[in-house]
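**Q** Here it is: the structure, laid out below.
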Amino acid sequence: MLQLMRGAATSHRRCSSGLPGSAIALAIILICGGSDAAAADELTWFASAGPMPAAHRAAEILTQASAEGLFPQDYDIDWLRTALGDGSSGVDADATALANRRLHRAVRRYLNDLHAGRIDPQQFGMRYEPAQRSDLDTNSPLPSALAEDQLAEAVRSSAPVWPQYDALRQVLARYRQLADDPAWQESLPPIPGGRLNPGQQYAGLALLQRRLLLLGDLKLAGNKVPDRYQGTLVEAVKSFQARHSIAPDGVIGKESFEQLNVDPAARVRQIGLAMERLRWTPLPLAPRAIVVNVPEFMLHGHEMPAGTSESRLAMKVIVGTAGKTPTPLFAADMRFIEFSPYWNVPPSIARSETLPRLRRDPGYFDRQGFELVGNDGRVVGGLSEAGIEAVQAGKMRIRQRPGASNALGSIKFVFPNRDNIYLHHTPTPQLFKRLRRDFSHGCIRVEEPLQLAKFVLADAPEWSEARISEAMRRGRSATLRLDEPLPVIIVYSTTVVRNGSVHFLPDIYGLDAPLEEALRQRSRTLRASHAGEIPAESQASR
């Protein structure tokens, strides 16, 4: 593995170094370098006679900001349209300089928003480190002229390179079109009894058929509306349900009915939130990385060739329980694998759950393979009232020995962090059959630990599948230090694209609405500053 540059989370918003010629200077300065005034002096957007061709090209890009899930009005677009429309923005030297600075500020904000996001992710519990920019040459000279392809390339290079981003961008365009379709101008009629089973009649079949066809769940439909809810319509509903984390049984109940009535405009906003979060997501400088998407209840293993990302592994996971013990969102480096691990019961779990259980049922101690460990390392194999009191006082801890009932299963993947979160196997695999899988105290249980271990140890050929499996079954705890750290990124996105199909996921931790409101508040502040309602130095910025 390549050595990470200050860990997985520090490199995700570095300015691209893959631009040709003068485009790299443009991207670096507009995103990262220099003052607005200094850079605007070198960029000739407006001359004394009016706007230059570069200004028109910039206006076209800013006007289309919604294609990236951004708000065009955040980039002074109303002023820019007026300036370009009357062709007289540059009346004198002062007016020309002001126009150059104003457009430069808008373009720079746009590229920065596209590259790093509009909101600090740490405001929303995503503990990704701020971008490190000390290695950038912010004094590179700007090109004397901006060719059209150079500005477009600067925009393309500023966007996230995660494959999901381009997929979401395409889905966003489609749902923006659907938002104007009359199929959503009225709601589906209520279903008698609140439940539509296959074979039943329903007054809303024509509208249901139209929506499913537009959404892509119904592949073919003739002009004739079926007399009953049956056949291909039922299969289309099953497809719709699968894409919305609903059991695909073809029965339209309360949850399915609500999702079928969601306006595409609301989906446009949801997709935009997913794109915003991808701008926050670190892109590690490493050969491989692991990404866990909490609302998706999935782990993805990525190969990272040449600064890009290719998915190579996917498996179900169980995450922290909503409202009680949510899994924190952060990035860290995996450094160890523990085979047949001990489980040190966290003090909070010991006090709230384990000790009360032991007081009611002392035999639970031996059945679970517990032992007590003192602060001095002394191990006590039996349970006593004195031992319970010592755990309660923080003088001892409860530890579960390796074995079939161990809560961590047969393997643990360690990426040191302040919350002591890790990936691990589980002795209760039946929970992976559930659609919604937030059952843990915060740590992440993986469905296929052997496959994950093979992915992690791909650069260590001596660790064959047979050797890994044997170490997991041995029943004797052993720790393996990785030769190179492997980035682990825990993310939160309620919209994902799988095999060209968009999936909308439940917002289990309730994080979408606060982010949407924060983005709207930022936009209101920016628009007010454009209109001169607040001083320019108070403008909202990331």
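**Q** Per residue of the range 108-115, in order, report the coupling 6.51 cos²θ - 1.76 cosθ + 1.60 (Karplus, θ = phi - 60°) as ³J(HN,Hα) in whole Hz, putting x for Gly and Pro.
**A** Each residue of the range 108-115 in turn: 5, 4, 4, 5, 5, 4, 5, 7 Hz.
**Q** Extending each Cα 7 Å along its Cβ direction at Leu220 and Ala266, get the distance between those two points in nm, one decimal.
**A** That separation, rounded to one decimal, is 3.3 nm.
**Q** Related question: State whether the range 180-262 is rounded, prolate or oblate according to the following rule on the C-alpha gyration tensor (a ≥ b ≥ c being the square roots of its eigenvalues): a/c under 1.5 gives rounded; otherwise a/b larger than b/c gives prolate, and the remaining case gives oblate.
**A** Taking the square roots of the gyration eigenvalues as a ≥ b ≥ c, the range 180-262 is rounded.
**Q** Going through the range 169-234, which trypsin sites (Lys or Arg not before Pro) have at most 11 other Cβ atoms within 10 Å and a DSSP loop state?
**A** Lys219, Lys224
**Q** Restrict the search to the range 439-524; then list the trypsin sites (Lys or Arg not before Pro) that DSSP places in a loop and that have at most 13 other Cβ atoms within 10 Å of their Cβ.
**A** Here the sparse-neighbourhood loop sites are Arg474, Arg476.
**Q** Taking 0.36 nm per intervening residue step and subtracting the Cα-Cα distance, what contour gain separates Asn417 from Arg359 on full extension?
**A** So the chain would gain 17.7 nm between Asn417 and Arg359.
**Q** So if we plug the beta-carbon distance of Asp92 and Arg520 into 1/(1 + (r/R0)^6) with R0 = 30 Å, what FRET efficiency do we get, rounded to 0.05? Please report the intermediate quantities before stating the final value.
**A** On the way: r = 37 Å, r/R0 = 1.25.
Plugging the Cβ-Cβ distance into 1/(1 + (r/R0)^6) gives 0.20.
**Q** What is the Cα centroid distance between the range 326-341 and the range 445-477, reported in whole angstrom?
**A** For the range 326-341 versus the range 445-477, the Cα centre distance is 15 Å.
**Q** I would also like to ask the following. Just to verify a number: FRET efficiency for Gln73 and Glu310, C-beta to C-beta distance, R0 = 51 Å, to 0.05?
**A** With R0 = 51 Å, the Cβ-Cβ based efficiency is 0.90.
**Q** If we count other beta carbons within 10 Å of each Cβ, what is the order of His56, His244, fewest first?
**A** By the 10 Å Cβ count, ascending: His56, His244.
**Q** What's the FRET efficiency of Asp180 with Leu213 using the Cβ-Cβ distance as r and R₀ = 22 Å, to the nearest 0.05?
**A** Numbers: r = 16 Å, r/R0 = 0.73.
For Asp180 and Leu213, the calculated efficiency is 0.85.
Laboratory data are not the source of any read-out in this text; all were calculated from the coordinates shown. If you're wondering where the values come from, they're calculated on a predicted model, not measured in any experiment. Positions of Cβ are backbone-derived with ideal geometry, glycine not excepted, and every protein chain shown enters the neighbour counts.
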